[in-house]
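What follows is a single structure, written as structure tokens, with notes after it.
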Amino acid sequence: MIRLAIVVPCYNEQEVLPDTNKQLTGLIMELKAAKQITEDSFILYVDDGSRDDTWKIIDEFAKKESCVQGLKLAGNVGHQNALLAGLMTVKDEVDAAISIDADLQDDIAVMSDMVTKLEEGCDIVYGVRSARKTDTFFKRFTAESFYKLMKVMGAKSIYNHADYRLMSARAIDGLSQFKERNLFLRGIVPTIGYKSDCVYYERKERTAGESKYPLRKMLAFAFDGITSFSIKPMSYIMGIGVFLIICAVAFAIYAFHSYLTGNVVSGWTSIVLSLWFIGGLVLFSIGMVGQYIGKIYMEVKERPRYIVEARVGDSSYKRA
Ligand code: UDP
Ligand code: MG
């Protein structure tokens with residue numbers, strides 16, 4: 001049996017919280033009855049600086065029910081940071097934690113499978129949407145294009161997985177070693193390592209309240225995801241520069257030929273040639289500078305270079 005925490009970031013969620021709490025406490029009860037989790041497993045609601053009655057509601061739940069805890073952040077720091085705050089809070093108190101959005105669009109029924117997979121030896125279990133029937137075409141299209149773009153840009157991420165996942169205590173410990181400020185958990189978690197697996201479910205519609213991720217925030221989030229994990233855009237710019245320089249050389253041959261055969265306006269050759277060449281050179285140089293900035297960027301993140309999973313054999317020897 002494991003001690004489990006369900007971590008739920010909440011921002012202005014007064015409309016959905018009563019129902020969410022009913023469902024989650026019900027589920028906790030079921031999991032306890034099935035002897036999958038210990039009696040002292042709990043739900044942690046993280047209030048991300050809400051301006052409505054969210055905290056008041058959480059506070060009441062916590063007073064009424066022993067399996068509910070609350071954490072109030074001093075201000076709104078955004079979904080990713082709120083989630084991290086919750087995970088770091090429970091890190092040393094539980095064997096594993098499942099994170100889920102307050103609107104319960106993700107199917108809570110698969111939590112039991114997540115715990116089973118943990119027992120079978122996985123440290124990270126991703127919740128993956130098998131279908132996106134309930135999402136609007138627009139949301140589906142933008143979201144799926146995003147996952148594909150992430151892949152092209154070379155960032156690790158799990159296709160159609162949002163922040164619904166189970167992490168073991170040691171996986172959360174690994175996460176705590178990532179010191180970066182631009183948090184994109186979906187990208188970081190797969191880089192931690194350990195054995196992982198997926199569970200599949202269908203995503204539901206938001207029952208009440210409205211999405212806290214309007215297009216503007218979604219785009220910012222996607223941009224963050226790519227720029228936090230990849231310095232490939234720089235390489236592409238450099239590539240275009242090289243391409244233009246090659247074009248300039250090819251063009252030079254053509255222009256020189258035209259010059260020799262005499263069918264050009266005077267001055268055309270030199271102008272056109274310098275246009276291509278200088279353009280290519282400028283892009284190449286920007287890309288080159290970008291490569292260095294990219295390296296600095298990767299350095300200042302101070303990511304752990306490795307995370308040790310285990311060591312075997314006698315290591316008790318001490319030098320005198
Ligand atoms: N959220 C948060 N802080 C914010 C915005 C959102 O903690 O600044 C929480 C929100 O309460 C919800 C989760 O993040 O639990 C996901 O938000 P939402 O359901 O609005 O996103 P969507 O499902 O539309 O992508
Ligand atoms: Mg949602």
_Choice from Ser168, Ser130, Ser157 with maximal GNM fluctuation in the chain (Cα, 10 Å cutoff)_ = Ser130
*In the neighborhood of Arg170, defined by Cβ-to-Cβ distances under 13 Å, what is the net charge if each Lys or Arg adds +1 and each Asp or Glu adds -1?*
-3
*Which net charge results for the neighbourhood of Ser228, defined as the other residues with beta-carbon distances under 9 angstrom from its beta-carbon, given Lys and Arg at +1 and Asp and Glu at -1?*
-1
*Determine which residues of segment 207-244 fall in the zone a paramagnetic label at Arg181 would reach in this model, i.e. backbone nitrogen under 15 Å from the point 7 Å along Cα→Cβ.*
228
*Once you've got the GNM for the chain with C-alpha springs shorter than 10 Å, pick whichever of Ser274, Ser228, Ser176 has the biggest mean-square fluctuation.*
Ser274
*Give the long-range amide H neighbours of Gln36: residues separated by 5 or more places, or on another chain, with amide H under 5 Å away, using H modelled in the peptide plane at 1.01 Å from N.*
none
*Considering only protein heavy atoms, what per residue accessible area in square angstrom results for the chain with a 1.4 angstrom probe?*
55 Å²
*Which whole-Hz ³J(HN,Hα) couplings does segment 213-223 yield from phi under the Karplus relation 6.51 cos²θ - 1.76 cosθ + 1.60, θ = phi - 60°, glycine and proline marked x?*
10, x, 3, 4, 5, 5, 5, 4, 5, 5, 4
_Could you tell me the center-to-center distance, by alpha carbons, between segment 25-99 and segment 222-297 in angstrom?_
53 Å
*Per the helix-only calculation at 222 nm, which mean residue ellipticity applies to the chain, given -39500 (n - 2.57) for every DSSP H run of n ≥ 4 and division by its residues, nearest 500 deg cm²/dmol?*
-16500 deg cm²/dmol
*Can you tell me which of 100-107, 38-45 comes out highest on packing, and rank the rest after it, using the mean Cβ neighbours within 10 Å?*
100-107, 38-45
*Quote the relative contact order of segment 166-320 in percent (integer), defining contacts as alpha-carbon pairs under 8 Å separated by 6+ residues.*
35 percent
*Over segment 252-320, with every protein chain in place, what whole percent of the accessible area is carbon and sulfur at 1.4 Å, could you tell me?*
66 percent
*asked:* At 1.4 Å probe size, with the rest of the protein present, what percent of the exposed accessible area of segment 90-213 is carbon and sulfur atoms?
replied: 51 percent
*Could you grab the relative contact order for segment 1-146? Cα pairs under 8 Å, six or more apart, rounded to a whole percent.*
31 percent
*Counting only trypsin sites (Lys or Arg not before Pro) that are in a DSSP loop and have at most 11 other C-beta atoms within 10 Å, tell me the longest site-free stretch of the chain.*
182-304
*Helix 54-64 versus the longest principal axis of the chain: what angle, 0 to 90°, nearest 10, using Cα atoms?*
30 degrees
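The values are calculated or read from the model by the stated rules, or taken from the named source; none is laboratory data. Predicted model only: the values in this text are computed from it and were never measured. Note that each Cβ is placed from the backbone with ideal geometry, even for glycine, and that neighbours are counted across all protein chains shown. Please note that ligands, DNA and RNA were not included when accessible areas were found on the heavy atoms of the full protein model with its side chains. Shrake-Rupley method; radii C 1.70, N 1.55, O 1.52, S 1.80 Å.
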